[in-house]
Every structure is written in C-alpha cells, then in structure tokens.
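K.L.:
Submitted below is the structure of interest, expressed as structure tokens.
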Amino acid sequence: MSFIWPPALLSLLLIPIGILLYRLMDEQRRRRFAARGGPGLAQGVTRHATGLRGRIPAALLVCGLAAMSVALARPQAVVSLPRQEGTVILAFDVSASMAATDLAPTRMAAAKAAAKDFVSREPTSVTIGVVAFSDSGVSVQTPTNDQATVIAAIDRLAPQRGTSVAEGILASLKVIAVAEAGPYSVDYYTNRSPGPSPTPSPTPTPMPSGTHAPAVIILLSDGENNENPTPTAAAQTAANQGVRIDTVGIGSAAGTTVNLNGFQVHTQLDQATLQQISQTTGGTYYAASDAQQLRSIYDSIDTQVVLQPQMTEITSILAGASLLLLIAGALTSLLWLGRPL
C-alpha cells in the first residue's frame with residue numbers, strides 16, 4: 001500500500017493523545033462521583049465502565065479514528081479490477097466485388113458503417129487495427145485505442161482488384177504479432193558481424209482453436225476467393241496460433257451483377273468458405289443480409305473480460321469503514337453505558 005499524501009498519517013499521533021486525555025477526564029469524573037456519593041458509588045461506576053461492554057465502544061471509536069486518519073493520507077493499493085481488453089483486427093475485403101449493391105447502398109458502404117458503429121462503442125481498453133485485402137493484404141491501421149484514428153482509416157477504404165482471403169488472414173496475424181511484441185521488437189539496424197546463421201527456432205506447438213484471447217480477427221468479406229493461397233490453409237495457420245476468426249458474410253446468396261472494367265460479372269456470397277474459416281479457428285460465422293443486421297452482428301462479438309491488476313485509490317473504502325465504526329461506537333456507548341464516551 002502507498003499513499004498520495006503521506007503527511008496526513010501524522011494525524012495517527014493524535015489518537016493516543018486523545019486516549020490519554022479521555023482517561024484523565026474519566027478519572028476526574030470518578031473522583032467527582034466519589035466526592036458526592038462515597039467510594040461505593042465510584043467503584044460501581046468504574047466496574048460498569050471498565051467491563052466488556054465498556055471496552056467495546058471505546059475500541060470501535062479508536063478503530064474508526066485510525067481508519068479516518070489513514071483515509072486522509074489517500075491510500076493506494078494494487079486491486080484486480082475487471083476490464084474488457086484485447087486486440088480486435090477488422091479485416092476488410094476491398095475487392096471489386098464489394099462494390100455490389102445487393103447490400104444497400106453497397107457492400108463496402110454497409111460494412112464500413114457498421115464497423116465504425118462498432119468502434120465507437122468499444123471501451124478504450126480494446127485496441128483496434130484495420131487490415132484491407134484484395135489480391136494482397138495490407139495493414140491500414142496498426143492497433144490503437146484512438147477511435148478517431150481507426151474510423152478515419154475505415155473511411156479511406158475503397159474497392160480495389162481481386163480477392164485473396166488468405167492474404168487478409170495472414171496480414172491480420174502479422175499485425176497481432178507485432179502489436180503483442182511491442183514497438184521495439186523489430187531490429188532495423190544491427191552492428192553484428194556476419195557469421196553462421198543462428199539455430200532456427202523450433203516450430204511452436206499448435207494451440208487449441210480460439211485460445212489466443214483476447215486477440216480476435218473479424219473478417220468482413222463476400223467470401224469469393226480468386227487468388228492463392230487457399231483460405232483454408234491460412235485459417236489453419238490462425239488456428240495453430242489459437243487466434244479466433246469471426247467471419248461476417250457481406251452480400252446475399254442470390255448475388256448481383258457488377259460492372260468491372262466494362263465487363264458484367266456476377267458476384268454472390270460464398271457462405272461455405274467463410275463458415276469453414278470460422279469453424280477451423282473456433283470462431284462464429286454471421287450472415288448479414290442488410291445493414292441493420294450487420295450492426296447487430298457487431299453487438300454480439302465480445303472481447304475478453306479480464307482481471308487487470310492496477311494501482312487504485314481506496315480512500316472511499318477506508319472513509320466508509322471509519323464512518324461505520326464511529327457510528328457503531330457511538331450507538332453501543334449510548335445503549336450499553338447510557339452515555340457517550
């Protein structure tokens with residue numbers, strides 16, 4: 001335990017002084033009783049005041065004063081408080097098919113609107129990153145708890161070219177690894193002499209799916225994949241690291257036709273691919289047929305609630321305890337002794 005204002009602890013020295021003054025006053029009171037009613041009356045008052053019932057009120061009052069003195073020093077202690085925290089990666093499909101209008105006004109616009117709504121409701125203890133993928137995956141925004149920065153990154157997204165869902169997953173895993181390693185984990189410069197290659201690190205043991213909490217990837221895509229590698233292989237990589245992927249299907253099963261560079265191309269939601277990704281990683285697949293349903297999907301995606309040890313001021317706790325002790329001391333004194341101490 002530490003104190004914000006330690007000099008206030010000097011007030012504890014006033015308690016023994018107060019006890020001494022009380023004893024002197026009590027002695028004077030017994031003498032007055034002896035002078036008025038004789039030694040017998042004084043001895044009866046003394047027995048009544050020094051019995052068990054006479055000591056409990058005094059002990060309560062002393063403890064209350066001591067707690068109040070400590071509270072004045074504004075104590076702090078390490079307390080494990082529940083808080084929602086983690087890293088959420090919003091992986092956006094920005095392929096050309098996301099310009100389709102089967103999700104009004106477009107798939108991309110609806111996904112962006114729901115994602116921004118999700119970001120604005122998350123606690124600041126949750127860091128959010130943004131990854132965009134078409135035929136490759138790019139980190140648009142490293143994980144941060146600055147919600148305005150994340151929303152600005154989402155606003156910059158626009159449909160691009162082909163679709164490689166796997167590249168989006170792998171890019172998201174890299175962002176999570178860098179975020180958890182810290183800002184000084186990458187050596188950009190070195191003065192080490194060239195030499196034999198170091199012994200390669202052993203392959204990590206695969207973790208159970210979805211156990212890499214509280215890191216989670218929210219993959220927003222229509223699921224149509226036309227680039228290598230395969231999404232299932234990337235999903236297995238995420239599963240080996242214990243990272244859960246919740247997939248959100250953007251679009252409709254019936255699909256629609258979009259104009260790509262003068263060509264009419266039919267595009268539709270590939271639920272099977274997205275369901276396989278989520279199932280492989282221990283995540284959940286959500287189908288969003290309209291913008292309102294997509295917002296409700298984000299409401300059902302939770303990060304982990306953990307007990308976070310942190311230094312917390314506990315003045316109010318001690319102040320409340322001291323008040324209860326003082327009241328208890330005063331009441332027991334009136335009820336048992338018939339007078340205040």
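K.L.:
Give the span of the range 71-140's Cα atoms along each principal axis, as three whole-Å numbers ordered largest to smallest.
P.N.:
Answer, in whole Å and largest first: 64, 26, 15 Å.
K.L.:
Using modelled backbone amide H atoms (1.01 Å from N, in-plane), which distant-in-sequence or interchain residues come within less than 5 Å of residue 286's amide H?
P.N.:
Sorted by chain and number, the residues that satisfy this are 247, 248, 249.
K.L.:
Taking a quarter of the surface of the Cα convex hull of the range 101-146, what do you get in nm²?
P.N.:
3.8
K.L.:
Something else: Ignoring everything but the protein chains, give the 1.4 Å probe accessible area of residue 118 in square angstrom, nearest 10.
P.N.:
10
K.L.:
Next up: In what sequence, highest mean first, do 59-66, 156-163 appear when ranked by Cβ atoms within 10 angstrom?
P.N.:
Packing order, densest peptide first, comes out as 59-66, 156-163.
K.L.:
Where Lys and Arg each count +1 and Asp and Glu each count -1, what net charge lies around residue 162 among other residues with Cβ under 9 Å from its Cβ? Each step should come with its number before you reach the end.
P.N.:
Numbers: positive: 161; negative: 135, 227.
That works out to -1.
K.L.:
For labels at residue 29 and residue 15 in the simple 7 Å Cα→Cβ model, what's the distance in nm?
P.N.:
2.1
K.L.:
Going from most exposed to least, what order do 176, 19 have by accessible area with a 1.4 Å probe?
P.N.:
19, 176
The values are calculated or read from the model by the stated rules, or taken from the named source; none is laboratory data. The model shown is predicted, which means the values in this text are computed figures rather than measured ones. No Cβ is skipped: glycine too gets one built from the backbone with ideal geometry, and neighbour counts run over all protein chains shown. What goes into the accessible areas is simple: the full protein's heavy atoms, side chains included, and nothing from ligands, DNA or RNA. Shrake-Rupley method; radii C 1.70, N 1.55, O 1.52, S 1.80 Å.
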